[in-house]
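S.K.: Following this message is one structure expressed as structure tokens.
The values are calculated or read from the model by the stated rules, or taken from the named source; none is laboratory data. Please read these numbers as outputs of a predicted model, since none were measured by experiment. Reconstructed Cβ throughout: ideal geometry from the backbone, glycine too, with neighbour counts over all protein chains shown. For the accessible areas, the whole protein counts, side chains as well, though only heavy atoms, and no ligand, DNA or RNA atoms are used. Shrake-Rupley method; radii C 1.70, N 1.55, O 1.52, S 1.80 Å.
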Amino acid sequence: MLTDTYTHLSRQSFSIYLAQQQAIIRGLMKNEEENALSQNVDDLPIIRQLLGRNRLQADLDLEEEEMDLATGASELTGSLQELTKVVQLTGFSDPVYAEAFVDVHQYDITLNVTVINQTPDTLRQLSLELATLGDLKLVERPSSHSLGPYAKMTIVAHIKVSSTENGAIFGSLVYETSAAGGRENVVVLNEIKVDIIEYIEPAYTDETKFRQMWQAFEWENKLTVHTNQRNLRDFLKLIVTSTKMNCLTPATALEGECGFLAANLYARSIFGEDALANICIEQVDPASPITGHIRIRSKTQGIAISLGEKIQQEQKG
């Protein structure tokens, strides 16, 4: 009996495990091939900071269109897609109205700030003063401009991103008018939040490597589950979708109705930072709430805290 268990049943179980792991790897490789962008070796690289405004916008629009076609990342098109990236910076009753089109790329953020003068006076020395919170850095300070009565203009600013964590961009519009006797006027802008999900990509690693990283990473963020979900697998799917992490636990291990679910998640940022997560949740009966914990580990504190904030937002929402 023991011989049969060790020689046949163990071999059969291990073969099923290897087949599941290979299926996961093939699925990820297929997605990478479908999402890969074809580019010739002699194509000129696009350095956004060195391009003129007209050339910059044309190249970025083309690049974004090619990315959307290759990845199928968004179902929205045209104006509807652009509206999702617009952030209102001032109120409609302010003397100067401003809104920003936030274009997030891999390693930098482009802000196209539309400024409208709602006064009958000419605004002199109009400048956009920006500051950043987190690992964001302003590439160059936008120059000053003059804006006529009820006129409109666009100011472009570039922000460099150096690590994976939530950040914020805030600032003000400073200008002078003849009616104010040369005194500076300041309009404080609303905060622009930079979401960590823009830099997270699902990835795969084997169970042994996952355990090694789990032991090595020192930063841990432990979250208590508070959700309105009433299905364990639906809650897991919500977390996987909202964090863009890959579920390493095979689908066969998540089958059945036992009132308990445990799964390991893994993702990697575009900066090469690893993010691990372990979900342990339970439910006494279908009508009772889901309870449990989510533990996030990473090598750096920023990504662990930022992913935790994202999960908390999804639980509340």
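S.K.: Starting at the first residue of the range 270-282, write each ³J(HN,Hα) from the Karplus equation 6.51 cos²θ - 1.76 cosθ + 1.60 with θ = phi - 60°, in whole Hz, x for Gly and Pro.
M.R.: 5, 8, x, 8, 8, 10, 10, 8, 10, 10, 10, 9, 8
S.K.: Computed FRET efficiency, Cβ-Cβ of LEU9 and LYS222, R0 41 Å: what is it to the nearest 0.05? Write out the running numbers ahead of the final one.
M.R.: Numbers: r = 37 Å, r/R0 = 0.91.
Between LEU9 and LYS222 the formula returns 0.65.
S.K.: Something else: Below 8 Å, C-alpha to C-alpha, sequence gap of six or more: please give me the relative contact order for the range 211-317 in percent. Mind showing how you got there, number by number?
M.R.: On the way: 187 pairs, mean separation 39.9, N = 107.
Once divided by the residue count of the range 211-317, the mean separation gives 37 percent.
S.K.: Along the Cα→Cβ direction, 7 angstrom out, place labels at LYS152 and ASP94. What is the inter-label distance in nm?
M.R.: So the two model labels end up 1.7 nm from each other.
S.K.: In nanometres, what is the gap between the two model label sites at ALA262 and GLU207, each 7 Å from Cα along Cα-to-Cβ?
M.R.: Reported label-point gap for ALA262 and GLU207 is 1.1 nm.
S.K.: So what is the accessible area of the range 204-317 per residue, in Å², with the probe set to 1.4 Å?
M.R.: Values: 6050 Å² over 114 residues.
Here the residues of the range 204-317 average 53 Å² of exposed surface.
S.K.: Quick one: accessible area per residue over the range 157-199, 1.4 Å probe, rounded to a whole number of Å²?
M.R.: Working: 1940 Å² over 43 residues.
Here the per-residue accessible area is 45 Å².
S.K.: At a 1.4 Å probe, what is the % contribution of carbon and sulfur to the accessible area of the range 144-257? Let's see the in-between values first.
M.R.: Working: 2870 of 6240 Å².
The nonpolar share, carbon plus sulfur, comes to 46 percent.
S.K.: Among the lysines, select those whose C-alpha is under 21 Å from the C-alpha of LYS310, and discard any that sit fewer than 8 residues away in the same chain.
M.R.: In chain and number order, the partners are LYS85, LYS193, LYS222, LYS237, LYS244, LYS299.
S.K.: Would you calculate the separation in nanometres between label points at GLN22 and THR84, each defined as 7 Å from the Cα along the Cα-to-beta-carbon direction?
M.R.: If labels sit at GLN22 and THR84, their model points lie 3.8 nm apart.
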